[in-house]
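J.: Got a structure for you, written out below as structure tokens; questions coming shortly.
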Amino acid sequence: MQENPNNEGNTPQKLPPVKMSPLVQWGYKYHSIVILIVCLLAIFGIYALNVMNKNEFPNFTIREGVLVAVCPGASAEEMKDRVMRPMEDFIFSYKEVKKSKTRSNATNGMVMTFIELDDNVTDADAFWTKFNMGMPTLKQALPSNVLGTQLISNFGETSAILLTMQSDQKTYRELNDYMDDLLDRLRTIPSVSTLSVTGSLDEQISVIVDPDRLS
């Protein structure tokens, strides 16, 4: 029976020493300073959490809008040639518009142009106000059979609340009066911007005929 010359006496081999980085060596040497820095950071974090601005609904700039033109009876080709091109010429005349992201869609009787503003535009409301002031110039360049154009730029509200009103005893006219009173109260709130009513019905009269009584 021969012994392995490479492992005489089963002596464990020594591992090479681990080389630590200078930063770790400095932390071991001056551990009290490391503890002091960690405590200062923790105290500063607690203080910052108490004084930092917190907003449940943060403000951000929406740089998108939609310009719609309606012309009943016109085909998609006519809308593209006679309506969409003047609209794009008018839109691209503003340097704030990002031409690479702005796109148009022409269908029968309607043209929709999705407008994208440059990233450096911080006050989008001011731009849309200036854009609306130039809308009469666009209307002069469009055909006379175009019923109208509309700019939609206020769809980027950060939050919305839906309120419903119904009653089995009140008439439609009374419900409309209650809704008008509710709108007047909501307008007094500074944070409320856009209000719209959907689903209201006009008062109607129903006539029911009884054939037995008529006979």
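The values are calculated or read from the model by the stated rules, or taken from the named source; none is laboratory data. Note that the coordinates shown come from a computational prediction; the quantities given were computed from them, not determined experimentally. Note that we place each Cβ from the backbone using ideal geometry, even for glycine, and neighbour counts take in every protein chain shown. SASA here: full protein model, heavy atoms, side chains in, ligands and nucleic acids out. Shrake-Rupley method; radii C 1.70, N 1.55, O 1.52, S 1.80 Å.
J.: Checking E116 against (1) closer than 21 Å to V146 by Cβ; (2) at pLDDT 90 or above, only one condition comes out false. Which one?
T.: Result: E116 fails condition (1) only.
J.: Inspect segment 48-63 for any residue being open to solvent by 80 Å² or more (accessible area, probe 1.4 Å) and either modelled with pLDDT of 90 or more or in contact with a strand residue (DSSP E or B) (Cβ under 9 Å, 6 or more places away or on another chain) (or both) and give the result as yes or no. So that I can check it myself, show each step before the final result.
T.: Within segment 48-63, the first condition is being open to solvent by 80 Å² or more (accessible area, probe 1.4 Å), and the residues that meet it are 49-50, 52-57, 59-60.
Now restrict to residues that are either modelled with pLDDT of 90 or more or in contact with a strand residue (DSSP E or B) (Cβ under 9 Å, 6 or more places away or on another chain) (or both): none.
No: zero hits.
So that you can scan it fast, the table gives a plain yes or no per residue for (1) modelled with pLDDT under 90; (2) more than 25 Å from A76 (Cα to Cα); (3) not in a loop (DSSP other than H, G, I, E, B):
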residue: S100; (1), (2), (3): yes, no, no
residue: N120; (1), (2), (3): yes, yes, no
residue: K130; (1), (2), (3): no, yes, yes
residue: L151; (1), (2), (3): yes, no, yes
residue: D168; (1), (2), (3): yes, yes, no
residue: D181; (1), (2), (3): no, yes, yes
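J.: Ok, one more. In the list P143, P136, which residue meets the criterion of being at pLDDT 85 or above, within 30 Å of P86 (Cα to Cα), assigned to a helix (DSSP H, G or I) and open to solvent by less than 100 Å² (accessible area, probe 1.4 Å)?
T.: Numbers: P143 fails: assigned to a helix (DSSP H, G or I).
From the options P143, P136, the qualifying one is P136.
J.: Of all residues in segment 64-98, which are free of Cβ contacts under 8 Å to residues at least 60 places away in the same chain, part of a helix (DSSP H, G or I) and open to solvent by 60 Å² or more (accessible area, probe 1.4 Å)?
T.: Passing the criteria: E77, E78, K80, D81, R85, D89.
J.: Collect the residues in segment 14-47 that are over 47 Å from the mean Cα position of the chain (by Cα), at pLDDT 75 or above and of a type outside the set (G, A, S), keeping them in residue-number order. Please lay out each step first, then the result.
T.: Of all residues in segment 14-47, those over 47 Å from the mean Cα position of the chain (by Cα) come to 14-22, 24-33.
Still in the running and at pLDDT 75 or above: 19-22, 24-33.
Within segment 14-47, K19, M20, P22, V24, Q25, W26, Y28, K29, Y30, H31, I33 meet the criteria.
J.: A further question follows. Consider segment 99-115. How many of its residues are buried (at least 16 other Cβ atoms within 10 Å of the Cβ) and either under 16 Å from V66 (Cβ atoms) or of a type in the set (V, I, T) (or both)?
T.: Taking segment 99-115 first, the residues buried (at least 16 other Cβ atoms within 10 Å of the Cβ) are 102, 104, 106, 109-113, 115.
Going one step further and asking which of them are either under 16 Å from V66 (Cβ atoms) or of a type in the set (V, I, T) (or both), we end up with 102, 104, 106, 110-113, 115.
Residues meeting the conditions: 8.
J.: Moving on to the next point. Which of (1) in contact (Cβ under 8 Å) with a residue 60 or more places away in the chain; (2) in contact with an Asp or Glu (Cβ under 6 Å, 6 or more places away or on another chain) is the odd one out, the single condition T149 does not satisfy?
T.: All conditions are met except number (2).
J.: Any residue in segment 125-146 that is within 17 Å of M112 (Cα to Cα) sitting within a Cβ distance under 6 Å of a residue that is of a type outside the set (V, I, T) and open to solvent by 60 Å² or more (accessible area, probe 1.4 Å)? List the pairs, counting only those 6 or more apart or interchain.
T.: Here the result reads P143/R82, each pair linking segment 125-146 to a residue that is of a type outside the set (V, I, T) and open to solvent by 60 Å² or more (accessible area, probe 1.4 Å).
J.: A follow-up question, please. May I ask you to say which residue of S93, S104 is among the small types (G, A, S), at pLDDT 90 or above and touching an Asp or Glu at 6+ places or on another chain (Cβ under 7 Å)?
T.: Numbers: S93 fails: touching an Asp or Glu at 6+ places or on another chain (Cβ under 7 Å).
The match here is S104.
J.: Is there any pair linking a residue in segment 166-184 that is more than 11 Å from S200 (Cβ to Cβ) and among the charged types (D, E, K, R) to one that is at pLDDT 90 or above and surrounded by 11 or more Cβ atoms within 10 Å (Cβ to Cβ), with Cβ under 8 Å and at least six apart or on different chains, and which?
T.: K170/Y178
J.: Among (1) more than 30 Å from E64 (Cβ to Cβ); (2) open to solvent by 70 Å² or more (accessible area, probe 1.4 Å); (3) of a type in the set (S, T, N, Q); (4) at pLDDT 85 or above, there is one condition S215 misses while meeting the rest; what is its number?
T.: Evaluating S215 over (1) more than 30 Å from E64 (Cβ to Cβ); (2) open to solvent by 70 Å² or more (accessible area, probe 1.4 Å); (3) of a type in the set (S, T, N, Q); (4) at pLDDT 85 or above leaves (4) as the failure.
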